[in-house]
Amino acid sequence: MKRLIASFQPLFAAGILLVVLLLPILGLTPNVIRILFITFVWITASLAWNLLGGVAGQVSFGFAVFYGLGAYAAALMINAGVNPALSFVGSAAVAALASFLIGIPTFRLRGPYFAIATIGVSEAVRVVMNNISAVGGAGGLRVTERGIFHQTEHYYSGLAIAVLAVCVSLLIERSKFGLALRAIRQDEDAAADIGINPFRCKLWIHAIAAALTGVAGGVFADYAAYIHPQGVFAFSTSVTILLMPVIGGIGTIWGAVLGAAVVTIVEEQLVAVFPQVHLLLYGLLLMLIVLLEPDGLVGLLRRMLRRMHVDPSSRGPDEALWGRGRLEGREL
Amino acid sequence: MTAVDFLNLLIAAVLLAGIYAVMSVGMTVIYGVMKIVNLAHAGFMMLGAYFAYEFFERFHIDPLIGAALALPAFFLFGMAVHWLLIRWLPKSDQPTLSSLLLMFAFWLVLQNIGYLFWGNMDRSIFTPRTLTVLTLGPISISLLRLIVFFAAVLCVCALQLALSRSWYGRAMRALIQNPYAAQITGVDDERIARITFGLGTAFAGFAGALLAMLYSFSPDFGRPFLIRAFVIIVLGGLESVSGVAFGALVLALVETFSILYVPAGYQPAISFGLLVVVLLVFPKGIGGLLERKWRPA
Amino acid sequence: MAALKDVSFSVPERHIFGIIGPNGAGKSTLFGVISGAIRASQGRVRFRGSDVTRLRSDALVHFGIARTHHIVRPFRAMTVLENVLVAVHYGRQSAKADAKAQAISALERVQLAPKARMLASALSLGEQKRLEVARALATNPDLLLLDEVCGGLSGAETRAMLDLFQQIRASGTTILYVEHDMKAVMSVCDRIAVLDFGRKLAEGTPAEIQNDPAVIDAYLGSGMLGTNSIA
């Protein structure tokens, strides 16, 4: 039975992929396509955060910086006539560069100090972006339309980056670099004692996560056609990016994906009805998760599976997907 | 810059430092005993501001008295929060992800409850005192800032005294230094933690009420001050009240004098800029807390 | 106040060099200074002619110096094998074949190979201490710094650990061994330095140390000296 489920999992993933590939052809309403597109963007950002926060254990409240910089970089490049796909690469590069500038001072701080410093980062970057008139300042930036608006094109770019993020996450989790990151998460000093340079590893994973988040921002900017600092650089953007993997199940790929899907749907439905309440609900949900189900939705699912006498956590190769470390007792 | 300008700025900086100290000290105390980084501090400060505001608007109670009332009210509130939420966290002598996220979540909840009650409009407390300026020859001092400064300093000194003299203070310091030994000698760590959290919250509410007299506020009020408090803690170290005072003074000086060189729009980024400079210039941290404190070798 | 004062010694290659002393003698401080965990205000640590005084521990590993911790620090959420594997990957590269084989051979040396797939947190204290040694060994060190690895072990476990030291030395790795347990040090070390109040009291072979009047004086009445090596 276990083995059956184990071999079932890649099939399951392939099935999902096939369905989402075909969805636009099935004649869904533009609104559904839009929600799916946003889900893909959030999945990318959520997986990116998970690489730094879940795998390497460095909690950041500042991912809006990379999301916003990616959005602005893509917007400016598209306006300058660069091919959108190429401009997304530019988004990644800008965000990665920013991650080094931020990481070099802040990774001298450990654990919760790093986390608080990232609140400062996002604040400072938003203030600066509000004041640079060349990119529109607080008024924001419009992305020039190129030809007719094809929603499915955006849909497939969103899907492509989400798949890219899953592949990057899988590669890292199964590499020796991923092993080193897990070691750093558990005990930074002991990791250094076996020759790992924690500072350098953290800088690199920060850069990879930032690049992915930047691409997500770029794809979003291309779709939204209008961005402004209070939106993409907002603290609530950072909060959303952090919440998705935590709600889904920190440190796991399925968790990050699931969390992103749930958050997008909840947000889309709630924002329409109660514009201000969604952050309140996020807060309550996060409190419940921390206190009651530290492994998030994935942990809940796993417990349900276990009740059916199937234990996905005992399967070796799928550890990257399901994860193993609980939130509880994790030291920063 | 003339000598008079300099003196005026210097006075402004010192007055600012007082309030910065009172807002940081609550976080420091909680961290020291419980190893919890209290992100909800920002939420408590916001509530403190609205606490004074509501008393003033509804009952015409002087905001200074409102701030004084905030101390006991938020003390009880903090103890309740500890009883309801924090005591369920797994115990650890090091900061954990769960505690960080829990406090962050609680902050989100407080902030958005704030939005539900008061909307996102900026409010301010305006009393006849607000615009009164004392002039001493060429030097002018805002009366309100002077009063707030003395209230803040008084409170911080009272705390310092309480920590060094009372039974509670001794028990608390014992817990900071050696939790295990403290428990053996009969210190009830749960009770101390509850009182400590109440104390930290009381100071957050008090600081929020004081700040509300000086600045306009919205439910997002605490965030910029949370970052300032953090910068102060990095500058001054996490464990002592005097370290906090030192950090507060440095930040206040930098912020006040930066007015001369930095455009107003960039002002909110100053505190973080200072943090970056400190981290780059003193990689091991002024208070030595950046690396050493984490895991005793 | 200086925790250590004028302590100077050199460790010959392929020796097991012990450092002993009563509680508070400065053993841990000395160990911290050598392993890069504590910054000394003065003094030098030299390794094969290179100055390694202020190197961080990850840089020391690449010089061929690995350490263990007094209180074990395994990566609890990883398997035993992964614990050692990551050390092979990031330690000093050796010419030998693939990483997994090296990791398993390190585990075999400490007799943990059968538990390779278990989570490190599921091991007993003695096993975790051995894992700690295996992890340090997996970085392929020339000098192994061991901090009280026998503390808290049973008699049989201690004997097994001391046998392991002999094997490690035989394979060409030098050991610097800081220990509170006098018997263990006396039985396994080739040379010993005795610390007391942050000073070096004596240095020599176990036999010389046992007969050194200054050492006997320092330990007088403690009943820790003069016993035979455990057998």
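The values are calculated or read from the model by the stated rules, or taken from the named source; none is laboratory data. A quick note: this is a predicted structure, and the numbers were derived from the prediction, not measured. Backbone-built Cβ (ideal geometry, glycine too); neighbour counts: all protein chains shown. These area figures cover heavy atoms from the full protein model, side chains too; ligands, DNA and RNA do not enter into them. Shrake-Rupley method; radii C 1.70, N 1.55, O 1.52, S 1.80 Å.
Pairs spanning more than 31 Å between alpha-carbon atoms, out of A:K202/C:K129; A:K202/B:K35; A:K176/C:K27; C:K129/C:K200; A:K202/C:K5: A:K176/C:K27; A:K202/C:K5.
Among the protein heavy atoms of chain C, carbon and sulfur supply 50% of the accessible surface, probe 1.4 Å, non-protein parts ignored.
Interface A-B: total buried accessible area of about 4500 Å², 1.4 Å probe, protein heavy atoms only. Working from label points 7 Å from Cα in the Cα-to-Cβ sense, the B:F257 to B:Y180 distance is 4.7 nm. The protection proxy used here, the mean number of other Cβ atoms lying within 10 Å of each residue, ranks peptides A:34-43, B:186-195 as follows, highest first: A:34-43, B:186-195.
So the label point goes 7 Å from the Cα of A:L26 along Cα→C-beta, right? Which residues of region A:150-165 then have their backbone N under 19 Å from it? Only A:151-160, A:163 pass the distance filter. With the Cα gyration tensor of the protein assembly as shown giving a ≥ b ≥ c as the square roots of its eigenvalues, does the rule (a/c under 1.5 for rounded; else a/b larger than b/c for prolate; else oblate) give rounded, prolate or oblate? It comes out oblate by the Cα gyration axes. Relative to the isolated chain, which residues of region A:65-112 have their accessible area cut by 50 Å² or more in the presence of all protein chains (1.4 Å probe, heavy atoms, no ligands or nucleic acids)? Residues of region A:65-112 that lose at least 50 Å² of accessible area once the other chains are added: A:P105, A:R108, A:L109, A:R110, A:P112.
Rounded to the nearest percent, how much of the accessible area of region A:37-322 (1.4 Å probe, protein heavy atoms only) is carbon and sulfur?
Carbon and sulfur: 70 percent of the exposed surface of region A:37-322.
Summarising the label geometry, the points placed 7 Å from Cα in the beta-carbon direction at A:L284 and B:L84 lie 1.2 nm from one another. Based on protein heavy atoms only, chain C ends up with 46 Å² per residue of surface accessible to a 1.4 Å probe.
Please calculate how many Å² of accessible area chain B carries per residue, with a 1.4 Å probe and no DNA, RNA or ligand atoms counted.
Computed with neighbouring chains in place, this is 41 Å² per residue.
The longest part of chain C holding none of the exposed loop trypsin sites (Lys or Arg not before Pro), meaning those outside H, G, I, E and B in DSSP with at most 15 other Cβ atoms within 10 Å, is C:118-231. Shown for region B:197-229: residues covered by the partner protein chains by 40 Å² or more of accessible area relative to the chain by itself (probe radius 1.4 Å), namely B:R223, B:I227. Proximity of backbone amide H atoms, modeled 1.01 Å from N, is registered between C:I19 and C:Y177, C:V178, C:E179, C:A193 at under 5 Å, excluding neighbours fewer than 5 places apart on the same chain. Sequence-ordered 3J(HN,Hα) estimates for region A:255-263 from the Karplus curve with 6.51, -1.76 and 1.60 and θ = phi - 60° stand at x, 5, 5, 4, x, 5, 4, 4, 4 Hz, glycine and proline given as x. Using the alpha-carbon positions of region A:37-322, Rg (one decimal) and Dmax (whole number) come out as 18.6, 61 Å. When exposed loop sites are taken as chymotrypsin sites (Phe, Trp or Tyr not before Pro) in a DSSP loop with at most 14 other Cβ atoms within 10 Å, the longest stretch of chain C clear of them is C:10-196.
Highest GNM mean-square fluctuation among B:V276, B:V37, B:V156, for chain B modelled with Cα contacts below 10 Å: B:V276.
Considered as an equivalent ellipsoid built on the Cα gyration tensor, region C:65-146 has semi-axes of 18, 15, 10 Å, the largest given first. Look at the stretch A:291-297: the mean tally of other chain Cβ atoms within 10 Å of its residues' Cβ atoms is 2. Using only the Cα atoms of region B:61-170, build the gyration tensor, take square roots of its eigenvalues as a ≥ b ≥ c, and label the shape rounded, prolate or oblate: rounded if a/c is under 1.5, else prolate if a/b is larger than b/c, else oblate. Oblate, because a/c is 1.5 or more while a/b does not exceed b/c.
Per-residue 3J(HN,Hα) values for region C:66-73, derived from phi via the Karplus relation 6.51 cos²θ - 1.76 cosθ + 1.60 with θ = phi - 60°, read 10, 9, 10, 10, 4, 9, 4, 9 Hz in sequence order (x marks Gly and Pro). Only helices enter the 222 nm calculation for chain B: every DSSP H run of n ≥ 4 contributes -39,500 (n - 2.57), and dividing by all residues gives -23500 deg cm²/dmol, rounded to 500.
Extension gain for the segment A:V273 to A:V82, taken as residue separation times 0.36 nm less the Cα-Cα distance, is 64.9 nm to one decimal. For region A:134-204, trypsin sites (Lys or Arg not before Pro) meeting the loop criterion (DSSP other than H, G, I, E, B) and having at most 16 other Cβ atoms within 10 Å: A:R146.
Sparse packing (at most 16 other Cβ atoms within 10 Å of the Cβ) combined with a DSSP loop state is found for the following trypsin sites (Lys or Arg not before Pro) in region B:52-105: B:K91.
Can you list the residues of region A:186-214 that have at least 30 square angstrom less accessible area with all protein chains present than in their chain by itself, probe 1.4 Å? Going by heavy-atom accessible area, the residues of region A:186-214 that drop by at least 30 Å² are A:Q186, A:D187, A:D189, A:A190, A:A192, A:D193, A:I194, A:G195, A:I196, A:N197.
Fraction of C-alpha pairs exceeding 17 angstrom in region B:12-75: 50 percent, rounded to a whole number.
Region C:113-222 gives an Rg/Rh value of 1.02, both radii derived from C-alpha positions and Rh following Kirkwood. Counting only DSSP H runs of at least 4 residues, each contributing -39500 (n - 2.57), and dividing by the residue count of chain A, the helix-based mean residue ellipticity at 222 nm comes to -24000 deg cm²/dmol. Given a 1.4 Å probe and the protein chains as shown, B:F117 ends up with an accessible area of around 150 Å². In terms of its Cα atoms, region B:17-220 spans 58, 41, 27 Å along the principal axes, sorted from long to short. Per residue, the accessible area of region A:37-322 comes to 32 Å², computed with a 1.4 Å probe over protein heavy atoms only.
Rolled with a 1.4 Å probe across the full set of protein chains, the surface gives C:M118 an accessible area near 70 Å².
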